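The values are calculated or read from the model by the stated rules, or taken from the named source; none is laboratory data. These numbers were taken from a predicted model, which means no experiment stands behind them. Note that each Cβ is placed from the backbone with ideal geometry, even for glycine, and that neighbours are counted across all protein chains shown. Remember, those area values only see protein heavy atoms, side chains included, never the ligands or the DNA or RNA. Shrake-Rupley method; radii C 1.70, N 1.55, O 1.52, S 1.80 Å.
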Amino acid sequence: MNPSIRSVVRTGIGLGVEVIGIENGYQGIFDHQFIPLGALEVSGKIRDAGTFLATTRCMAMMQPDGPAKVVEILKQNKLDALVVIGGDGSLTGAQKIHHLGYPVIGLPGTIDNDIFGTDMGIGVDTALDTIIHSIDMIKATAASHRRCFVIEVMGRSSGYLALMSTITTGSQVAVVPEYKHNIERIIETLNRRMQRKHNNSVIVVAEGVCTGQEFMDELLAAGRDRLDQEVRLTVLGHIQRGGSPTHFDRLLGSRMGEFAVLSLLQGETGAMVATVGGTMRLRNFDEILGKKRALNADAIRLAKNLGIEIGDVTE
Ligand code: F6P
């Protein structure tokens, strides 16, 4: 998120706009946590993970009169427009603010890549980079000790991170919410690898299916007396959100931040900046929010053609 905030600030001041940062998300509006931002305040932020403005869940915003109070406070503080960076909840808040007639543009900021309407969200690539480096390191133990590793990754109800990291680490099984896993086929996959002298396997489990521990328990119960290898679990947890932004995310955040400011200055509102086929676009909140993003069909085909066990399509 930091590269996108930096871009909003630098683009804004370059075009003669005064930029005010709001600390702690919507809660910061209720608490009047406004700080003027200039080039110095965002210096070096293109390299930093997370958001230097900090963020928090805001119960007040979820009350029926929350969005109206937000608009009132913004107007009282002579703020003319808002850029909101966040996932589904933050963007839904922005949609409500838009419906009250206040100018707002959203940016998709979530590692889960579960926002409908954009190919990529800000932070997804960095999270994947952290996941693949972690799995690469775990593979050393897996190979040295003839082990199967179960790796739990984030993603909320999306299997995007699990699927993409399975493909890009050469792992064998992706357990994702969009497909129903087949424990018998998974056991066959693991045993076949051992017979073919591959001495290790990696199963990536999306947290949206179950915990890594629950999956491991299921695997060990079903594979008792049949699995010819030890199984270990690693839960990657919040390190997935802590990597220094990759080249892709620095560029995406910069492009989206710039596009948000240019859009507002052109009178646009009520939309999220999206990247579609490499091009920046605005997608109206009303057309995208509430829609479920499916896993990319090309990625599913690729996974299957690479021999990854992914389970069966659910109804
Ligand atoms: O939505 C981003 C995300 O990192 C999810 O992948 C994860 O389930 C969740 O946030 C974790 O949230 P928290 O830090 O509040 O535990």
Report task. Run the accessible area of the stretch 125-242 with a 1.4 Å probe and give the carbon-and-sulfur part as a rounded percent. Result -> 48 percent
Report summary line: Helix 160-169 sits off the longest principal axis of the Cα atoms of the chain, rounded to the nearest 10 on a 0 to 90 degree scale, by 50 degrees
Query raised in the report: What nm value, rounded to one decimal, do you get for the distance between residue 214 and residue 133 when each label is placed 7 Å out toward the C-beta?
Result: 3.1 nm
Query raised in the report: Over the heavy atoms of residue 304, what accessible area does a 1.4 Å probe trace out, to the nearest 10 Å²?
Result: 100 Å²
Requested in this report: Between residue 40 and residue 80, with labels modelled 7 Å along Cα→Cβ, what's the label distance in nm to one decimal, could you check?
Outcome: 2.5 nm
Query raised in the report: Leaving out ligands, DNA and RNA but keeping every protein chain, what accessible area does residue 308 have, in Å² rounded to the nearest 10, with a 1.4 Å probe?
Result: 20 Å²
Query - In the stretch 208-242, trypsin sites (Lys or Arg not before Pro) in a DSSP loop with at most 14 other beta-carbon atoms within 10 Å - result: 224, 226
Report task. Name the residues whose placed amide hydrogens come within less than 5 Å of the amide hydrogen of residue 159, ignoring near sequence neighbours (fewer than 5 apart) on the same chain. Result -> 178
Report summary line: Given a Förster distance of 30 Å, the FRET efficiency implied by the Cβ-Cβ spacing of residue 183 and residue 305, rounded to the nearest 0.05, works out to 0.85
Query - Backbone HN-Hα couplings from phi across the stretch 43-51 [Karplus 6.51/-1.76/1.60, Hz, Gly and Pro as x] - result: 4, x, 6, 5, 9, 9, 6, x, 9
Query raised in the report: Looking at the chain, what % of its DSSP beta bridges pair antiparallel, to the nearest 5?
Result: 35 percent
**Report entry** the stretch 125-242: relative contact order as a whole-number percent, Cα under 8 Å and 6+ apart
**Finding:** 39 percent
Requested in this report: Please work out the Cα center distance from the stretch 110-166 to the stretch 4-56, rounded to the nearest Å.
Outcome: 29 Å
**Report entry** residue 141 versus residue 63: modelled label distance in nm, points set 7 Å from Cα along the beta carbon direction
**Finding:** 4.8 nm
Report summary line: Order by accessible surface, 1.4 Å probe, largest leading, for residues 214, 23 comes to 214, 23
Query raised in the report: How far is helix 212-223 tilted off the main Cα axis of the chain, in degrees rounded to 10, range 0 to 90?
Result: 20 degrees
Report summary line: Length-normalised contact order of the chain, Cα under 8 Å, at least 6 apart, in percent, tallies to 24 percent
**Report entry** Counting DSSP beta bridges with both ends in the stretch 125-242, the antiparallel % (nearest 5)
**Finding:** 0 percent
Query raised in the report: Protein chains only, probe 1.4 Å: how do 292, 45, 69 rank by accessible area, largest first?
Result: 292, 69, 45
Query raised in the report: By how many nm would the segment from residue 286 to residue 230 grow when fully extended, if each residue of separation counts as 0.36 nm and the alpha-carbon distance is taken off?
Result: 15.2 nm
Report task. At a 1.4 Å probe radius, which order do 238, 181 fall into by accessible area, largest first? Result -> 238, 181
